[in-house]
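These notes are about the structure you will find just below.
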Amino acid sequence: MPPVTQYARLTLKPGTEADALDQSTPTGKIVQRRVTEPTTQPGFRAIHYGLAVERPSELWAFLDWDTVEQHQTWRDSASHDDLRKSLATISDASAPKFSLYITPQPTVAFNDPAYPVVEVLNMLLPPDMDEAAMKMVEGRWDEFARQALHPPALCGKIATGWSLENNAPVRGEEGKTGKVFLALVQWPSTDTHMENRGLSVFKDSIHLLRDLPGLLKMDMFHVHATTKTAA
């Protein structure tokens, strides 16, 4: 099994967002425990975490592991169970759970001071996609990037990956699931990304993604991520 990235969301209780990254607060202390404890586990490489700019109640984490099995060993441990109980005290229990494994690891997009903002683009696609359909999606993305992202030269690195799972929840559509094609794009700022979206090369190319056969949903947000590496 190749290295993977666990891609997970913790939805915070209303009113706690401002404290989530403040280590002096009770909520911030629990968040710090969540992002620190994995760093001592076998097979752990790095965690990249931050609040979604557009939805600050969502704390997103991208955890790099050598293998799925090493993450699952920790996930099934007593120490992780204790951590899970602590996280339950600050999380919104009504929010849908979201945790996927992504391969290849796309997290090269994080931890670059010149591009502190990362666009996180999820494309939810049919769960029964075969290899040919996945190659078609990758080809469409590459064509879109060549036309809409590379010529303006406003963004930095671009990295992509697929969810191993075929049952990722579709935001806002209860009961609907799919396979995720994830793209991470570096930007100097959210304003720069919005500038790129206003260009004709973007407007003339976005149909390549919006018209993907079987596309269930596209969802995008930005994150200013902090990185911790293995202890």
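For segment 66-145, the fraction of C-alpha pairs more than 20 angstrom apart is 60%.
Using only the Cα atoms of segment 108-222, what semi-axes does the equivalent ellipsoid have when each is the square root of 5 times a gyration tensor eigenvalue? Give whole Å, largest first.
One finds semi-axes of 24, 16, 13 Å for segment 108-222.
Using Cβ point charges alone (K and R +1, D and E -1), the dipole size of segment 108-222 about the Cα centre works out to roughly 140 debye. The simple spin-label model puts a point 7 Å past each Cα toward its Cβ; for ASP81 and VAL53 those points are separated by 4.1 nm. Once both labels are positioned 7 Å from their Cα atoms along Cα-to-Cβ, the gap between ASP22 and SER189 label points is 2.5 nm.
For the chain, the direction-averaged projected area of the alpha-carbon convex hull comes to 12.7 nm². Here the peptides 181-193, 163-175, 65-77 are ranked by packing, the mean other Cβ count within 10 Å, and the order with the highest first is 181-193, 65-77, 163-175.
Ignoring lysines fewer than eight residues from LYS176 along the same chain, the ones with Cα atoms less than 20 angstrom from its Cα are LYS97, LYS217.
Please compare each pair in LYS135/LYS179; LYS13/LYS179; LYS13/LYS203; LYS29/LYS157; LYS135/LYS228 to a cut-off of 25 Å on the Cα-Cα distance and tell me which ones are over it.
Going by Cα-Cα distance, LYS13/LYS179; LYS13/LYS203; LYS29/LYS157; LYS135/LYS228 fall outside the 25 Å limit.
Ranking GLN186, GLY139, ALA95 by Cα position along the charge dipole of the chain, where only Lys, Arg, Asp and Glu carry charges on their C-beta atoms, puts ALA95 farthest toward the positive end. The dipole here belongs to segment 1-143: it is taken about the Cα centre, uses +1 on the Cβ of Lys and Arg and -1 on the Cβ of Asp and Glu, and is about 540 debye. The alpha carbon centroids of segment 117-187 and segment 1-59 are separated by 22 Å.
What net charge do the residues around GLN186 carry, taking every other residue with its C-beta under 13 Å from that of GLN186, with Lys and Arg at +1 and Asp and Glu at -1? With Lys, Arg at +1 and Asp, Glu at -1, the net is -1.
Across the alpha-carbon atoms of segment 96-140, the computed radius of gyration and Dmax are 13.8, 39 angstrom. For segment 4-103, with the dipole built from +1 on Lys and Arg beta-carbon atoms and -1 on Asp and Glu ones, taken about the Cα centre, which of ALA20, PRO38, PHE62 lies farthest toward the positive end? Farthest along the dipole direction, towards plus: ALA20. Volume per residue of the convex hull around the Cα atoms, evaluated for segment 4-103, comes out as 99 Å³. About its Cα centre, segment 28-107 has a charge dipole of approximately 200 debye under the convention of +1 per Lys or Arg Cβ and -1 per Asp or Glu Cβ, with nothing else charged.
Bear in mind these aren't lab numbers, they're just calculated from the coordinates by the rules spelled out. Because the structure is a prediction, the values reported are computed rather than measured. All Cβ positions, glycine included, derive from the backbone under ideal geometry; neighbour counts span all protein chains shown.
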